[in-house]
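Here's the structure, in structure tokens; my notes come after.
The values are calculated or read from the model by the stated rules, or taken from the named source; none is laboratory data. Quick caveat, the model's predicted, so the values are computed rather than measured. Glycine also receives a Cβ, built like all others from the backbone with ideal geometry; neighbour counts cover every protein chain displayed.
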Amino acid sequence: MSDVLSDDEVETALPDDWSREGEEIVRTFEFDSYLEGIGFASGAGGLAEEAFHHPEMTIGWREVEVRLTTHDAGGITEKDLDLAARFDELAE
């Protein structure tokens, strides 16, 4: 199990465009079309499965909201920050 990060550690390491909401980090990715968002969600799902770390994703029209937390640790861990950075790379 991963260790929960302190508030300061999360604040320092939180990637750009991500915010903290309680025990989750959250970002809404925006796209030019609905299908681009679907493609991103599919790719993000593959990365999540590879990392065996599964976010909550909400697909909307031209946007995908991603929420990351480490449930078994009870908060935000390095696993969340690492996967957030990978999602950012995917969206570029």
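When you go through Glu30, Glu63 one by one, which is the residue that is out of contact with any Ser or Thr (no Cβ under 9 Å at 6 or more places or on another chain), at pLDDT 95 or above and of a type in the set (D, E, K, R)? Reasoning before the result, please.
Details: Glu63 fails: out of contact with any Ser or Thr (no Cβ under 9 Å at 6 or more places or on another chain).
Just a single option satisfies the conditions, and that option is Glu30.
Check off (1) in contact with a helix residue (DSSP H, G or I) (Cβ under 9 Å, 6 or more places away or on another chain); (2) at pLDDT below 95 for Phe40 and give me the number that stays unchecked.
(2)
Residue-wise test of (1) β-branched (Val, Ile, Thr); (2) in contact (Cβ under 8 Å) with a residue 40 or more places away in the chain.
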| residue | (1), (2) |
| --- | --- |
| Thr12 | yes, no |
| Gly37 | no, no |
| Val64 | yes, no |
| Gly74 | no, yes |
| Asp80 | no, yes |
| Ala84 | no, yes |
